[in-house]
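Have a look at the structure below before the remarks.
The values are calculated or read from the model by the stated rules, or taken from the named source; none is laboratory data. All values reported here derive from a predicted model rather than from experimental measurement. A quick note on method: Cβ atoms are made from the backbone with ideal geometry, for glycine too, and the neighbour counts reach across all protein chains shown.
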Amino acid sequence: MAAPGQPSPQQIAAMQQQFAAEAARRGMTPEEFAKQQREQLTAEAAKHGMTTEQYVTQLRMRALAAHQRQVEAQRQAAQAQAQGQQPQGQGQAPPQSPAQPGQNLPAPPQPQPQQVTRQVPVNPNNPPDPKALAVAAFLRSQNLKTRTCIMDGQRKEMFKVKRAIRAIESPAYAKAAAKKNSLLPPVTDRASAENVFKLLPLSLLALRVTKVDPHAGHNHGKSKNRVKGLWTVRIEQHQETDPMMHYVWLWEGPQWKQKVMAAAVVAGIFAVVLFPLWPMMLRQGVWYLSVGMMGLLGLFFAMSIFRLILFCITVIAVPPGLWLFPNLFEDVGFVDSFKPLWGWQETKKKKSKKSKNAGGEEPQAAAQSTPSATTTATAAPDTSSTVKRDLAPRVEEVTEE
């Protein structure tokens with residue numbers, strides 16, 4: 001028999017099996033998982049200004065107090081049931097006869113075990129794992145079809161979990177793990193690939209995000225200047241690994257590129273300051289270069305004016321109008337600004353309203369869409385050739401797999 005307040009041998013064995021199963025689910029041995037738990041306890045104790053022993057003692061006292069309150073509540077419930085009293089809101093139960101000698105009282109109801117949500121535990125106090133850094137460097141070199149998103153007012157790169165898992169299971173990963181980087185963990189099946197991916201949120205190199213509406217709760221409508229496909233995201237608390245979930249990169253990779261660029265900027269500033277000391281040949285070269293840049297700038301303004309004139313002509317001759325370089329002023333890269341070469345103006349279908357007259361006749365359209373007419377109506381197909389045009393060219397959102 002176990003001492004009062006102490007777990008029985010069966011409970012100890014069950015807890016050990018649960019501990020081993022949790023360690024295996026996270027891709028660790030029980031010793032590694034226990035070491036990680038000890039490090040977390042040490043970090044939490046240091047955060048509260050206590051030693052590890054004091055913090056563990058405090059946790060045990062809290063658990064014991066909670067257990068005592070639960071036992072007291074169960075005892076009071078058993079007494080109320082024995083006296084024929086039930087809590088308010090429940091029907092009256094028939095009184096029970098007192099227990100006879102040799103008869104056992106019914107055991108109090110046991111609390112139901114809580115469902116544990118599968119998530120990746122994240123500890124911000126731990127330094128990045130070298131294995132996680134190796135995995136992040138490999139995934140950074142792969143084509144994950146990242147998208148640009150806005151998180152906390154900054155642009156970040158976002159990718160799907162399924163593409164990262166696909167890259168980890170690819171032959172390129174096995175080749176890199178065998179020859180190039182020995183820190184990459186081995187991958188044998190789908191479960192091991194997911195465990196390798198979980199190293200990223202564990203070291204805060206990439207975290208799961210979801211799309212949010214930045215204008216939620218505001219009185220104004222959606223912004224007309226927003227770019228389609230540019231999500232505003234936030235970090236989720238539960239770091240799960242569903243294939244269709246999105247993760248955002250928090251690790252920017254090696255910083256040597258930024259350092260080289262900063263050194264180049266400083267060198268450029270010094271070169272401009274020392275311009276009077278340059279040789280005559282270099283100063284003449286800079287003058288020709290500046291004239292060429294001014295010519296390119298003038299050519300750009302001339303092209304912008306020409307595309308506007310072309311649109312004004314085509315919007316009358318062949319509506320809805322033709323744009324030369326429709327993405328020229330969109331929030332895209334330099335090369336994408338000149339793709340495609342031309343495109344038709346986007347059309348917006350005007351919604352009309354159907355109404356019924358008092359005589360029970362057939363419903364008729366309240367109004368048709370015209371370039372100058374406005375109406376508040378429900379959705380209805382607009383088959384007329386003249387529709388209201390949206391004169392602002394936009395970038396279509398790329399459809400993902």
When the stretch 165-210 is examined, which residues are found to be out of contact with any strand residue (DSSP E or B) (no Cβ under 6 Å at 6 or more places or on another chain) and among the small types (G, A, S)? A167, S170, A172, A174, A176, A177, A178, S182, A191, S192, A193, S203
State all residues of the stretch 142-180 that are closer than 19 Å to S192 by Cβ and within 22 Å of the chain's Cα centre (by Cα); if no residue qualifies, say none. Q142, V161, K162, R163, A164, I165, R166, A167, I168
Filter the stretch 310-324 for residues that are surrounded by 15 or more Cβ atoms within 10 Å (Cβ to Cβ) and part of a helix (DSSP H, G or I) and give the result. L310, F311, T314, V315
Listed residues E44, E32; which is surrounded by 11 or more Cβ atoms within 10 Å (Cβ to Cβ), at pLDDT 80 or above and farther than 30 Å from A193 by Cβ? E44
